[in-house]
Amino acid sequence: MQLVELRKWSILSDPELTQDVYALIETSGAELCGCECCFNFAIARHLVWSAQALELFECLGIDPLLESTVSHVARLRSGLHVYTGCFHLVGEIAAGPATPVALRNGRPALSLVPLGGGLSLGFSTDREPAPEAFYGLPVVGLEFRAQIPWISNAPEPARAVGRPRAPCPGLEPRG
């Protein structure tokens, strides 16, 4: 196990075992869903991950092409689209909150670490919906929130600021 720190979190991770698990996963959450919003995420994924995020993924053994879940949240006035999602890794949270959700003005809100470029990350002990390959292992979720352009040829969804939509129908918990 190795210790990886991201501001308020210290994570004990097993990157080699995490890489072995990712080698068993054939399809990302976006491809499993197949809706137009997830298709856009899949083809714009290369625009999401900063060098800092890719370095963190490498340290943790995460394959940046195989997110467990992704959901389109909103189209912003700027034209960018907000997505949230999660990766999983083998390990445990050694220090820090067990969830990236915090209360703001009495309402739950994501409390992620901004990495710049519209990308924020945080960790959780929520193992659902971890891919089946992670079952039976100690799992940590790496939650993300990203702002990306719409590059799909499909029609863009209408602006929906402030009201997250439900998770994509094709992303029911697996297993």
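Quick look at the values:
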| item | result |
| --- | --- |
| Under the Karplus curve 6.51 cos²θ - 1.76 cosθ + 1.60, θ = phi - 60°, whole-Hz ³J(HN,Hα) for the stretch 112-125, x wherever Gly or Pro sits | 9, 8, x, 10, x, x, x, 10, 9, 10, x, 10, 8, 8 |
| Amide proton proximity set for Glu156, modelled H, under 5 Å, gap of 5+ | none |
| Between helix 51-60 and the chain: long-axis angle, C-alpha atoms, 0 to 90°, nearest 10 | 40 |
| Cα gyration tensor, the stretch 2-148 - rounded (a/c under 1.5), prolate or oblate | oblate |
| Percentage relative contact order, the chain, counting C-alpha pairs under 8 Å, at least six apart | 29 |
| Amide hydrogen neighbours beyond the local backbone of Val139, cut-off 5 Å, H modeled | Gly91 |
| Distance in nm between pseudo-label sites at Leu76 and Asp63 (7 Å out along the Cβ direction from Cα) | 3.0 |
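Read-outs: derived from the displayed coordinates by stated rules, not from any lab. Quick caveat, the model's predicted, so the values are computed rather than measured. For neighbour counting, all protein chains shown are included, and Cβ atoms are generated from backbone atoms with ideal geometry for every residue, glycine included.
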